[in-house]
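Contents: one structure, followed by commentary.
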Amino acid sequence: FSRALRGSYEISYCGYKELYEDTKTTMEVADSLDLPYREGTCDRYKIDELIAYERVAIWRGIYLKDMILRNKIHFYTDIRRFDDLPFKVETLSVTRSVVAVPEYLYYYRMSRPGQDISADDERLYVHFPIFQYLDRFFASAKEKVQLDYLQVVKIHTHCYALQKIRPEFIAEYSRRAKADLLSNFSYAEGKYILRHFASRKDRLFFYAICKNQIWFVKFLAGYQ
């Protein structure tokens, strides 16, 4: 904890709890930031894993200013929602060290358990300019595995959106998602990456999107 406060790490995360306004209760959040992060790590591979598997929660972190300036990282002011996603991915791709403080130092205020964003229409198309920004940011990535993990972030995000968006928008979202998923890799390469790093449901969504099987996308999204 003291090393994090002294600035020995470029990113320092803390534990947090969800605080529900309707019941005035709190709940501990299951966290992937266990070892080696709680002891602090400079392991490039372990840091890269966080790109794909750590929840987007940038408010639980403290970021070294020099790292931000050195890599020209900023918020994209034309993005009206989910602008924390590119910040999370970009900082983790360039940081040289991460530590996770296990103490609960942050309360994330919510109205109720399971609260989610209200957008269920074309506002979810915002994911596509976000990934265009990230594709450009990763164009000079030195670590190929970072591009692999970006592909995982993409399919996680598109799976989420397709399960959230209303049925009349699914075909158009799927069309755009296909172009996005095939922007850095061929279908065969993307399939190989997801076989190693993603869940079976993610892989099924990837197949249905890339093969233009809208009926299967709707089935996976829960629309019978």
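The values are calculated or read from the model by the stated rules, or taken from the named source; none is laboratory data. Remember, it's a predicted structure, so these values are computed and weren't measured experimentally. Here the Cβ is made from the backbone with ideal geometry for all residues, glycine too, and neighbour counts use every protein chain on show. The accessibility values were calculated without ligands, DNA or RNA, using every heavy atom of the protein model including side chains. Shrake-Rupley method; radii C 1.70, N 1.55, O 1.52, S 1.80 Å.
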Legend entry - Qualifying aspartates and glutamates (Cα of each under 20 Å from Cα of residue 24; at least 8 residues distant if same chain): 116
Legend entry - Shape call, the range 121-220: gyration tensor on alpha carbons, a/c limit 1.5: oblate
Inset, instruction - May I ask you to rank 181, 35, 220 by accessible area, largest first, using a 1.4 Å probe over the protein chains only? - result: 35, 220, 181
Legend entry - Accessible-area composition of the chain, carbon plus sulfur, in percent [1.4 Å probe]: 52 percent
Inset, instruction - Go ahead and run the numbers for FRET between residue 75 and residue 28, Cβ-Cβ distance against an R0 of 41 Å, rounding to 0.05. - result: 0.90
Legend entry - Nearest-ten-degree value, helix 144-164 long axis tilted from longest Cα axis of the chain: 60 degrees
Legend entry - Solvent-accessible area per residue for the chain (1.4 angstrom probe, square angstrom): 53 Å²
Legend entry - Degrees between helix 200-210 axis and first principal axis of the chain (Cα, 0 to 90, nearest 10): 50 degrees
Inset, instruction - Give the relative contact order (percent, whole number) for the chain; include only Cα pairs under 8 Å separated by 6+ residues. - result: 23 percent
Inset, instruction - For helix 44-53, report the angle its Cα long axis makes with the longest principal axis of the Cα atoms of the chain; keep it between 0 and 90° and round to the nearest 10°. - result: 50 degrees
Legend entry - Given [x] 21.8, 71; [y] 18.2, 54; [z] 16.0, 47, the label whose value is Rg and Dmax of the Cα atoms in Å derived from this model: [y]
Inset, instruction - Rank these by accessible area, largest first, 1.4 Å probe: 67, 27. - result: 27, 67
Inset, instruction - Among the lysines, select those whose C-alpha is under 27 Å from the C-alpha of residue 201, and discard any that sit fewer than 8 residues away in the same chain. - result: 46, 88, 144, 154, 164, 178, 191, 211, 218
Inset, instruction - Could you list the trypsin sites (Lys or Arg not before Pro) in the range 1-110 that lie in coil according to DSSP, counting only those with at most 15 other Cβ atoms within 10 Å of their Cβ? - result: 6, 24, 55, 72, 80, 81, 96
